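Below is one structure; the comments refer to it alone.
The values are calculated or read from the model by the stated rules, or taken from the named source; none is laboratory data. This structure is a prediction, so every number in the text was calculated from the model and none was measured. Cβ sites come from the backbone with ideal geometry, for glycine too, and all protein chains shown count toward neighbours. What goes into the accessible areas is simple: the full protein's heavy atoms, side chains included, and nothing from ligands, DNA or RNA. Shrake-Rupley method; radii C 1.70, N 1.55, O 1.52, S 1.80 Å.
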Amino acid sequence: MREVVVIGCGMTKFGELWKKSLRDIFVEAALKAIDDAGVDHIDSMYVGAMTPGLFVGQEHISALMADYLGVAPIPAMRVESACCSSGMALRLGLFEISSGHSDVILVGGVEKMNDGADATFALATAADQEYEVYQGVTFPGLYALIARAHMHRYGTTREQLAAVSVKNHHNGAMNPNAQFQREVTLEQVMNATLVADPLTVLDSSPVSDGAACVVLTSVDFAKQLKVPLVKILGSGAATDTLALHSREDITALKAVKVSGEVAYKMAGVKPSDIDVAEVHDCFSIAEICVIEELGFTEKGKGGPFTEQGNTALEGKIPVNPSGGLKSKGHPVGATGIAQVVEVVEQLRGKAGTRQVKNAKIGLTQNMGGSGASSVTHIFQII
Amino acid sequence: MPSPRYHREMPQRYRLEAAKCKKCGKSFFPPRLVCAACGSKGFDKTKLSETGTIVSYTIIRVAPADFATQVPYAIAIVESDNGVRLTTQVVDCKPEDLEIGKKVKFVFRKLYTEGQTGIICYGYKAVLV
Ligand SMILES: [Zn+2]
């Protein structure tokens, strides 16, 4: 098995990109990543997207993107796993290079959510259509059910949930690619319009357009290139019941826990070795549950751990220096690779004012639905 | 929702039909072909208990188009008295009446009118007891 490195990354600004199409934003991110890597070709590509069919009426985007990127007839494949589509796509790129089948691969993600579709309906298709959505559940609703149970069982407070959003907006204010480059206060988060009690609009990631891409190659192939090398040390993926109600403990995200354990084992590192993490904070409660499952803190302690500043830029384990899904934006299919873009920039020491000091080992965690799928990757600058 | 798809789910939505694993005794709603607990493939038909307990709840304030006229409405995960959980609306109550641990019973109600075809979609909801 060959060792695999990330040699290039690029992303569009996230936000309401009215003037750009689905294909435009993907090609923009892909060109940036290819240029950053300094390669003259790619052998194949993977494109993560949740539901371009519902958002803009376009399926078969693998071939579309290869066509508009000008790289046909190379193989291209779309990968779908709801909001962790592109995180899962990265695994396929990793395996294709480590197997020796290809030398240079582009892995990207894209979503265009602001072209007039019913985003609440489209996102809800990641839940159980017949037994959750049929009853009128929404995605904020599912995470609200988790939040209420977490507060009831562990004493997590409304303020602790809000602390996640405050921290992520603070970081996002320093990210030129973020959708919301501004700070919010605890009071603003708690007093914002309720979406699904106890979660407000400021506990929730926005509806976004955006794309992100990385270029992968083998360590051997990379020797001829003059770029910093970020090695993929570990990759783990896992699944759980699609319906939240089918889980024994609705505050536990078992797929996140397993995907983390597999990635840690493959990488030969433990949670305390991680210098910087980008995790799936689609809602404030999600970040609290995820940092527990990844072992940054004990189960049930994610609220106080966040409130005490441990996940801040200068904290014990900086989480979501990019601003996270909350502030940077969450074009669902693009999110997994956008997390990788941030971690690569952090490990290269090129993250500007939001740079985490001495970051050598980074982690990304991306999940689909209410946690029915999760993928974790661990990276190291070499 | 296309009518074959609606029709297929009627035993669950109208009568709370579930499946009980012949080998390990665990019940599933809706029925499955493979037991998620023991991997066995033999099931007996059973029915959910008509009462249960609220595991968690929320009030939906932003809904998809089919439910937009109903907001705000309460959604809960309920554990039926025979140990099977489902997601359901809780109706005929005020949001502040809801609490984790409160008892409910399932009732047969209209859920929504399907947008394009106007099919009236029925199923279970819960009320506080
Ligand atoms: Zn069984």
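The DSSP beta bridges internal to chain A are antiparallel in roughly 75% of cases.
Computed from Cα atoms, the angle from the helix A:158-172 axis to the main principal axis of chain A rounds to 30 degrees. Using only the Cα atoms of region A:45-102, build the gyration tensor, take square roots of its eigenvalues as a ≥ b ≥ c, and label the shape rounded, prolate or oblate: rounded if a/c is under 1.5, else prolate if a/b is larger than b/c, else oblate. Here region A:45-102 falls in the oblate category. Rg to Rh ratio, region B:1-47, alpha-carbon atoms and Kirkwood radius? The Rg/Rh ratio comes out at 1.05. About the centre of its Cα atoms, the protein assembly as shown shows a dipole size close to 1120 debye [charges on the beta carbon of Lys, Arg (+1) and Asp, Glu (-1) only; nearest 20 debye]. Think of the protein assembly as shown as a dipole: +1 on every Lys or Arg Cβ, -1 on every Asp or Glu Cβ, centred on the Cα centre; then among B:Thr88, A:Ala372, A:Gly295, B:Thr88 lies furthest on the positive end. Between the C-alpha center of region B:51-75 and that of region A:11-26 there is a gap of 33 Å.
With a 1.4 angstrom probe, the accessible area lost at the A-B interface totals about 2800 Å². What separates the Cα centres of region A:338-382 and region B:1-26 is a distance of 43 Å. Surface composition of chain A: carbon and sulfur make up 53 percent of the accessible area, probe 1.4 Å.
What's the FRET efficiency of A:Gln58 with B:Val129 using the Cβ-Cβ distance as r and R₀ = 51 Å, to the nearest 0.05?
After rounding to 0.05, the efficiency reads 0.55.
Compared with its chain on its own, region A:92-125 contains the following residues whose accessible area drops by 30 Å² or more in the full protein assembly (probe 1.4 Å; ligands, DNA and RNA excluded): A:Asp118, A:Thr120.
State the extension gain, in nm to one decimal, for the chain segment bounded by B:Thr51 and B:Lys26, taking 0.36 nm per residue of separation less the distance between their alpha-carbons. Please list the in-between numbers first.
On the way: separation 25, 0.36 × 25 = 9.00 nm, distance 1.80 nm.
Between B:Thr51 and B:Lys26, full extension yields an extra 7.2 nm.
Beyond 32 Å, the tail of the calculated P(r) for the protein assembly as shown holds 41 percent of the Cα pairs.
GNM remark for chain A: springs join alpha carbons under 10 Å apart, and the peak mean-square fluctuation among A:Ser246, A:Ser81, A:Ser98 falls on A:Ser246. Summed over qualifying helices (DSSP H, 4 residues or more, each -39500 (n - 2.57)) and divided by its residue number, chain A shows a 222 nm mean residue ellipticity of -11000 deg cm²/dmol.
What average number of partner chain Cβ atoms lie no more than 10 Å from the Cβ of the residues making up A:142-154?
Working: counts 5, 1, 7, 8, 3, 2, 9, 5, 1, 2, 5, 2, 0.
Mean number of neighbouring Cβ atoms from other chains: 4.
Divided by 2.2 N^0.38 Å, where N counts the residues, the Cα radius of gyration of chain B comes to 1.13.
Divide by every residue of chain B the summed helix terms, -39500 (n - 2.57) for each DSSP H run of at least 4, and state the resulting mean residue ellipticity at 222 nm, rounded to the nearest 500 deg cm²/dmol.
On the way: 2 runs with 12 residues, N = 129.
Result for chain B: -2000 deg cm²/dmol, rounded to the nearest 500.
Rolling a 1.4 Å probe across the protein heavy atoms gives the protein assembly as shown an accessible surface of 38 Å² per residue. What separates the Cα centres of region A:214-284 and region A:110-126 is a distance of 25 Å. Excluding same-chain neighbours fewer than eight residues apart, the aspartates and glutamates reachable from A:Lys223 by a Cα-Cα span under 14 Å are A:Glu3, A:Asp103.
For the pair A:Glu314 and B:Cys121, label points projected 7 Å from Cα toward Cβ lie 5.1 nm apart. Backbone geometry of region B:119-129 corresponds, through the Karplus equation with coefficients 6.51, -1.76 and 1.60 at θ = phi - 60°, to 3J(HN,Hα) couplings of 5, 7, 9, 10, x, 8, 9, 10, 10, 5, 10 Hz, x marking Gly and Pro.
Sorted by accessible area with a 1.4 angstrom probe, largest first, how do A:Arg153, B:Arg61 fall? Walk me through the numbers on the way to the answer.
On the way: A:Arg153 135, B:Arg61 85 Å².
If we order A:Arg153, B:Arg61 from most to least accessible, we get A:Arg153, B:Arg61.
With angles folded into 0 to 90 degrees, how steeply does helix A:85-98 sit against the dominant principal axis of chain A? Use alpha carbons for both and round to 10. Here the helix axis deviates by roughly 40 degrees. For A:Glu261, A:Glu293, B:Glu96, the ranking by accessible surface with the largest value first comes to B:Glu96, A:Glu261, A:Glu293, using a 1.4 Å probe. In a fully extended conformation the segment linking A:Lys350 and A:Met190 would gain 54.2 nm over its present Cα-Cα distance, using 0.36 nm per residue.
Charging the Cβ of each Asp and Glu at -1 and of each Lys and Arg at +1, and nothing else, the dipole of region B:49-129 about its Cα centre rounds to 60 debye.
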